[in-house]
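> Sharing a structure here in structure tokens format.
Each value in this text was obtained by applying a stated rule to the coordinates, not by laboratory testing. These numbers were taken from a predicted model, which means no experiment stands behind them. Quick reminder, even Gly has a Cβ in these numbers, built from the backbone with ideal geometry, and neighbours come from all protein chains shown.
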Amino acid sequence: MFAGQLALAIAAAFTGAAIYINIAEQPARLQFDDGSLLAEWKLAYRRGYMMQASFAMVGGFFAVVAFFSTFEWRRLLGAAVLLTNWPYTILVIKPINHRLMNTRPDAATAETRLMIGRWGGSMHFCRVVAESPRSPRRA
């Protein structure tokens, strides 16, 4: 039972961080000029990457443990949703991340701004929708 509660808490932390990025950090960063926007995005990305990846991995692990202790299918579903962030990030978000990380802030253009806007608008927002805990039984 404790593993399920822990998985839910970690999923909630993951979701909270993703919501914060979308409603506070991303809109604030978009107020900067192109070079400062990219520099701030890179710094935030480096810090957030490990946190979000850790939340997904550890939360998924505890959800799987909770599933095997109760055989409640919703816990396995919660683990699957949490762990799908890895392939989603690698297949969908990583190409833009690499382009942005390989761009020097002094070489940032309006296209860089559009990529960061797309990163935060449609790509990163999917994490908020997919991860929001709906009930204590989910994780």
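> I need the phi-derived Karplus couplings for the stretch 104-115: 6.51 cos²θ - 1.76 cosθ + 1.60, θ = phi - 60°, integer Hz, Gly and Pro marked x.
Each residue of the stretch 104-115 in turn: 6, x, 6, 9, 5, 10, 4, 5, 4, 4, 5, 5 Hz.
> So what is the 222 nm mean residue ellipticity for the chain from helices alone, if each DSSP H run of at least 4 adds -39500 (n - 2.57) and you divide by all residues, rounding to the nearest 500 deg cm²/dmol?
-22500 deg cm²/dmol
> Given the Cα-Cα distance of residue 93 and residue 70 and 0.36 nm per residue of separation, how much length would full extension add, in nm?
Here the answer is 4.9 nm.
> Something else about it: Given the convex hull of the Cα atoms of the stretch 34-103, what is a quarter of its surface area in nm²?
Approximately 5.0 nm², given one-decimal rounding.
> For the chain, what is the per residue volume of the convex hull drawn over the alpha-carbon atoms, in cubic angstrom?
85
> What FRET efficiency, computed as 1/(1 + (r/R0)^6) with R0 = 25 Å and r the Cβ-Cβ distance, is obtained for residue 84 and residue 45, rounded to the nearest 0.05?
Calculated transfer efficiency: 0.80.
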